[in-house]
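The values are calculated or read from the model by the stated rules, or taken from the named source; none is laboratory data. Keep in mind that what you see is a predicted model, and the values were worked out from it rather than measured. Neighbour counts are summed over all protein chains in view; Cβ atoms, including those assigned to glycine, are modelled from backbone coordinates with ideal geometry. When the accessible area is computed, the model is the full protein with side chains, heavy atoms only, and any ligands, DNA or RNA have been set aside. Shrake-Rupley method; radii C 1.70, N 1.55, O 1.52, S 1.80 Å.
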Amino acid sequence: MARKTTYRIRQMKKKGRKIVMLTAYDAPTARILSECGVDIILVGDSVGNSLLGYESTVPVKLSDIVHHCAAVARARPDSLIVGDMPFMSYKVSVEQALENCGRMLQEGGAEAVKLEGAGRVVETVRAVVDVGIPVMGHIGLTPQSIYAFGGYRVQGRTHDAAAALVEQALALQDAGVFSIVIELVPAETARMITEAVDVPTIGIGAGPYCDGQVLVLWDMLGLFEDFNPKFLKKYANVGAIIRQAVSEYAREVREGAFPTEEHSFEMADSESGRLYGRTAGDN
Ligand code: KIV
């Protein structure tokens, strides 16, 4: 399969083809996503909640994302790899953003970066794009600003708020983003934004009218039984599968039913004696 590029992602909107994006934080998962034809792998700062045990994305550090991004890149997926710039790694100054975004490409192996927000972030986006680093924007509910939002609340619910999001999207487009994530807004708001911009929009909790969709992989696989927002569809129940497998392993170890001959090595130079056929409690 041909590798996905930012150019091809942009073309998909023009051709009316939906863009499929998922998160991944490790090499084996990235390989599976690529084999399934996923267009974009986001090494999201959701790694904080999904893998690292944090309650939000705020504690995630640049070195965390670079580390996980490099693992994804080593899988050499055909999917475009986007590295998510974590909290405060691009907001101190334009120089700081350029340095850190460069690190995401050089050390993390990302092919593009994602920056949350608009407003003062727009000029940073312009500077990053200007040095040749493709940028994905992110508007609506931007989780790094969760304390400012006062919780995970749906954004853009009034006509004025929706119009403000359209303005943000247009400003990011003008600054050169190749696509924009829209998070947690009414479907109609996402439609207004999607129709207003030429670059693809990728929705999460933003209804069906975006040019593509993204979910956090561990959420859609059902690893976290307690996380059930309205927008999430669980395509599997991996939590239950893991629980069943681990319980079976524990039972077999305790009963001496694992390992058996099938999972054991023989000595190279002798009759190895009565290794097999023992029951638990033999010595
Ligand atoms: O970090 C992440 O996974 C994200 C997606 C929810 C878009 O930003």
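Quick notes on this structure:
- Within a Gaussian network of the chain (alpha carbon springs, distance under 10 Å), most fluctuating of Asp45, Asp160, Asp26: Asp160
- Rounded FRET efficiency, nearest 0.05, which uses the C-beta distance separating Tyr7 from Glu248 and R0 of 51 Å: 0.60
- Mean Cα-pair separation over length for the chain, i.e. relative contact order, pairs under 8 Å, 6 or more apart, %: 14
- Region 6-236 shape via C-alpha gyration tensor axes, a/c threshold 1.5: rounded
- Normalised per residue, the accessible area of region 22-141 is 37 Å², obtained with a 1.4 Å probe and no contribution from ligands, DNA or RNA.
- Protein-only accessible surface order, largest first, of Val129, Val38 at 1.4 Å: Val129, Val38
- Percentage relative contact order, region 169-265, counting C-alpha pairs under 8 Å, at least six apart: 17
- Euclidean distance between Cα centres, region 26-76 to region 180-225, Å: 19
- A probe of 1.4 angstrom, applied to the heavy atoms of all protein chains, finds Thr158 with accessible area near 80 square angstrom.
- Springs join every pair of Cα atoms under 10 Å in this Gaussian network model of the chain, and among Glu111, Glu55, Glu188 the largest mean-square fluctuation is at Glu55.
- Accessible area of region 139-283 belonging to carbon and sulfur atoms, whole % at 1.4 Å probe: 54
- Taking each of Lys91/Lys234; Lys15/Lys114; Lys4/Lys230; Lys13/Lys61 in turn, the alpha-carbon distance tops 28 angstrom for Lys91/Lys234; Lys4/Lys230; Lys13/Lys61.
- Top of Asp39, Asp78, Asp174 by mean-square fluctuation, Gaussian network on the chain, Cα under 10 Å: Asp174
- Mean residue ellipticity, 222 nm, helices only, the chain: the sum of -39500 (n - 2.57) across DSSP H runs of n ≥ 4, divided by residue count and rounded to 500, is -11500 deg cm²/dmol.
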